[in-house]
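Some notes on the structure that comes next.
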Amino acid sequence: EVQLVESGGGLVKPGGSLRLSCAASGFTFSNAWMSWVRQAPGKGLEWVGRIKSKTDGGTTDYAAPVKGRFTISRDDSKNTLYLQMNSLKTEDTAVYYCSRTYYDILTGYSYPGVYDYWGQGTLVTVSS
Amino acid sequence: QSVLTQPPSASGTPGQRVTISCSGSSSNIGSHTVNWYQQLPGTAPKLLIYSNNQRPSGVPDRFSGSKSGTSASLAISGLQSEDEADYYCEAWDDSLNGVVFGGGTKLTVL
C-alpha cells in the first residue's frame, strides 16, 4: 500500500526557516517524481514545486512565489522527500502536501502534473 | 486570481448530471492535458480524472472528463450525496514552467 507521511510543520516567525519531510513507502521511491502542493486556510490548491527521479536527471522546478526561498530534495536511500523553507512569509501559511507523480511501471513514463497519491498534509503557520 | 478559471460553486439534486467547467489558455490547457481532483472536507485531494478523460482505478464511471481547445469540463452523472466536495482542475503551464490549478468549485448536493 502506498503511503506518504509528512512531518515537520509548526509555528514559525516571519523570516524563519522550517524543513518538512515526507516519508514514502509501498512503492519504489527512487523511480518516482515527487511534488509539494500547498493549501492556505480556506483557499485552493497551489503547486509549490517538484523533483524528478535521478534517472530523469533529479532536477527541480518551483513556483514563482517560492523560487529562491524553498528547496526540494530527496534521499532515495531513506525513501524521503524534503522541503527546506527559508525566509518564510505570512503568506506561506498553509497545509503542505507531498504527492507522487503517476508513472507507468511498464514503460517508466512519468505523467507530469498527475498526482496519484497524496499525504495527509502538515500545517505550517508563519506568524509573529 | 487562478490561472485556470472555474465557477466557485455548483449544485444539483441526487441523480442529476452536473458539469464543472475549467477555462485556460494556449500555454496550459491548449497545449497540455487536464487533470481533475476531488477534495472531500478535511481530507487530502484525490485524483479523479487524468489526461483529459482517463479514470484511475477505483473511480466510478459516473465521473467523466473532456477537453476542447483551451477549456475542459468534468461531468458527474447520477449525483450522490457523497459527491459533495471541492473539485479542482489542473494542467502544466509552459509560460510559468509549472503546474497550475483552478480556483476550485464547491459542489453542493441539494
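Just so you know, all these numbers are worked out from the coordinates, no wet-lab data involved. All values derive from a computational prediction rather than experimental measurement. Cβ atoms come from the backbone with ideal geometry, glycine included; neighbour counts cover every protein chain shown.
Brief remarks follow.
- Cα centre as origin, Lys/Arg/Asp/Glu Cβ charges: the protein assembly as shown dipole, Debye: 380
- Compactness of chain B as Cα Rg over 2.2 N^0.38 Å, two decimals: 1.00
- Computing Rg and the Kirkwood Rh from the Cα coordinates of the protein assembly as shown gives a ratio, Rg/Rh, of 0.96.
- Neighbouring partner chain Cβ atoms per residue of B:46-59, average, 10 Å criterion: 2
- Each Lys and Arg Cβ is given +1 and each Asp and Glu Cβ -1; about its Cα centre, chain B then shows a dipole of about 180 debye.
- Our analysis of the stretch A:1-67 gives Rg over Rh at 0.99, with the two radii drawn from alpha carbon positions and Rh computed by the Kirkwood formula.
- Peptide packing: for B:4-12, A:104-112, the average count of neighbouring Cβ atoms within 10 Å per residue gives the ranking B:4-12, A:104-112, highest mean first.
- This model, with +1 at the C-beta of Lys and Arg and -1 at the C-beta of Asp and Glu, gives chain A a dipole about its Cα centre of some 420 debye.
- With a Cα cut-off of under 29 Å and a minimum spacing of 8 residues unless on different chains, the lysine pairs in the protein assembly as shown number 26.
- Rg over Rh, two decimals, chain A (C-alpha only, Kirkwood Rh): 0.96
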